[in-house]
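Structure, as C-alpha cells:
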Amino acid sequence: MYGPLLSGAVCVLVCICAPAHADTLRIASYNVKYLSACVNYVRKDALESTFESLNVDIIALQEVRNREALEYFF
C-alpha cells in the first residue's frame, strides 16, 4: 500500500544533530503507533513534548505512516 516505506518493521532515522565535540552519542527508538499527518491536537502536543524531552542526538521512529507525517513533526 505504501511501498517500501512501510514494509516489515520500519525504523526511520529522523534527526542527527550531535555536536562534533561530543563524547557520547545518545540514540532513542520510539514507536509512534501509526503516526500520520492527520492527528488531533492533544496527540500532536503530546508527541512534540515527548520528542523535545528525549534529549537525544538521533531519534529513530517506528510505525510512521508516510513522509507527510515526518514533515509535519520535523
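The values are calculated or read from the model by the stated rules, or taken from the named source; none is laboratory data. Treat the numbers as computed from the prediction; the structure is a model and nothing was measured. We place every Cβ from the backbone using ideal geometry, glycine too, and count neighbours over all the protein chains shown.
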Could you go through the range 52-68 and let me know if any residue there is assigned to a loop (DSSP other than H, G, I, E, B) and at pLDDT below 85. no
Can you work out which of the residues in the range 28-51 that are of a type in the set (F, W, Y) and in a strand (DSSP E or B) is surrounded by the fewest Cβ atoms within 10 Å (Cβ to Cβ)? Y34
All positions within the range 28-74 that are at positive phi and of a type in the set (G, A, S): none
